[in-house]
Structures are given as C-alpha cells and as structure tokens.
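A short worksheet on the structure shown next.
The values are calculated or read from the model by the stated rules, or taken from the named source; none is laboratory data. Computed from a predicted model, the values in this text were never measured in an experiment. Methodologically, a virtual Cβ is constructed for each residue, glycine included, from the backbone with ideal geometry; neighbour enumeration extends over all protein chains shown. Ligands, DNA and RNA are stripped out before the accessible areas are found, and what is left, the full protein with its side chains, is counted by its heavy atoms. Shrake-Rupley method; radii C 1.70, N 1.55, O 1.52, S 1.80 Å.
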Amino acid sequence: MSFLRPSALYQFLIASPSLRWMPCQSWGFLRWPGLDGFLRLLVVVLLWSTFSEIRHIPSSSMYPTLRVGDRIIVEKATYYIRSPAMHDIVTFKDPTQHSGEEQGVFIKRIVAKAGDLVQVNHGWLYVNGIAQKEDFISGCPTYKSNLTCVPQGHVYVLGDNRNNSYDSHVWGPLPMKNILGRYVMCCYRPSNN
C-alpha cells in the first residue's frame, strides 16, 4: 500500500523545509523565559511604575473629555524634557493645600502659559485678547473672571466642564512645580456612562 504513504518528493519539498523554519513545530517557544526574561520583565515593570500611573476620575469637571469613573493613564516623564503646552491635560497637586496636609490631585486642561493674559467674559475664554475656539468644552462658561497675567513658572488651567470645575478661575494660576504628569489616554470607561 505504497500509494497511501507520502512520496519522497513530498517529504523533500513540503514537510522538511517547513519543520526547519516554523518555530511552532518545535514547542521550544513555550518554555519559561528564564532569568534573563524575568529581569527584562522586572525592568519594564519598574520603568512603568516610575514614569506612569493609572488614576481614577472622581468628578465631572473634565466632562465630556473624561467622565466620572474613567481610569486614565498619566505619564510623568514628559515635563522633565519639555515645558507644558497649551491644551495639555495635566494632573497636579491641589495648590490651595498646605504642605503638611494630605494633598488632593486634580486633572485639568492648560489654557494659558507664562506671560499670557487670560480672561473669561461673555461665555468666551480670551487669551491675549483673542477668543479661543474650544470645541472640547461641555458648555460656555456662565461666570466672568478678571484679566489675569500668568506669572513665570505658572500655567492657567481650566476644566472642560467650565461651570462645574474648581480650577484657576477660582484660585489663580497653577505653579508648574505642582504638576505631576500628563494625561495620555483613557484605559477604562464604565459601561453605564
């Protein structure tokens, strides 16, 4: 019954070369990575925990960009390399808390940098006298703020839900030393929102 056995030509052209180059044929790829693989994993975990963190959104001050219950990834390395930019979403320590008290962490959007003149008037944000087009806010602000010059080493931050946000229009410009990190992405959003 030689007609049931594969021919020598089949063995040579199909089976043998495929066994040599296909890694899944040798089940060796399923082995435990060993000490070097474990050390690589350890380095990745240490870098991750040093330069990023996962945060929970407790309030609606950044709605509609971020919703209550969202889990976000914040990276902490960017501002060692560059200065914060307009429209960056940042996490920071509460500037109204004293150093001895437990610090709350807020998340807001940077709308002005050092040297800028900022004012909220007639439902618009004005930076250096120019009304800003902001398609990411939940609604026009109903409050009015005084003209403020952002000092060196500070930024002006506002929540996207302007009428429901405790931000720079209440306590003034934010010192850059209070900034903890930059929002990267939302990694979990509850299904009921």
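Structure values in brief
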{"quantity": "Answer from ILE137, ILE107, ILE72 - the residue that is in a strand (DSSP E or B), open to solvent by 10 Å² or more (accessible area, probe 1.4 Å) and touching a strand residue (DSSP E or B) at 6+ places or on another chain (Cβ under 9 Å)", "calculated": "ILE107"}
{"quantity": "Cβ pairs under 7 Å, 6+ apart, first in the range 81-109 and of a type in the set (Lys, Arg), second modelled with pLDDT under 95 and part of a strand (DSSP E or B)", "calculated": "LYS93/VAL105; LYS93/LEU180"}
{"quantity": "Residues that are in contact (Cβ under 8 Å) with a residue 12 or more places away in the chain, part of a loop (DSSP other than H, G, I, E, B), open to solvent by 30 Å² or more (accessible area, probe 1.4 Å) and within 21 Å of HIS56 (Cα to Cα), drawn from the range 150-191", "calculated": "TYR166, ARG189"}
{"quantity": "Conditions (1) assigned to a helix (DSSP H, G or I); (2) at pLDDT 60 or above: number failed by ILE54", "calculated": "(1)"}
{"quantity": "Test: PRO95 is under 20 Å from ILE179 (Cβ atoms), open to solvent by 30 Å² or more (accessible area, probe 1.4 Å), in contact with a strand residue (DSSP E or B) (Cβ under 7 Å, 6 or more places away or on another chain) and assigned to a loop (DSSP other than H, G, I, E, B)", "calculated": "yes"}
{"quantity": "Hey, SER83 among the polar types (S, T, N, Q), closer than 16 Å to LEU174 by Cα and open to solvent by 30 Å² or more (accessible area, probe 1.4 Å) or not", "calculated": "yes"}
{"quantity": "Given (1) touching an Asp or Glu at 6+ places or on another chain (Cβ under 9 Å); (2) under 26 Å from VAL45 (Cβ atoms), number of the condition LYS108 does not satisfy", "calculated": "(2)"}
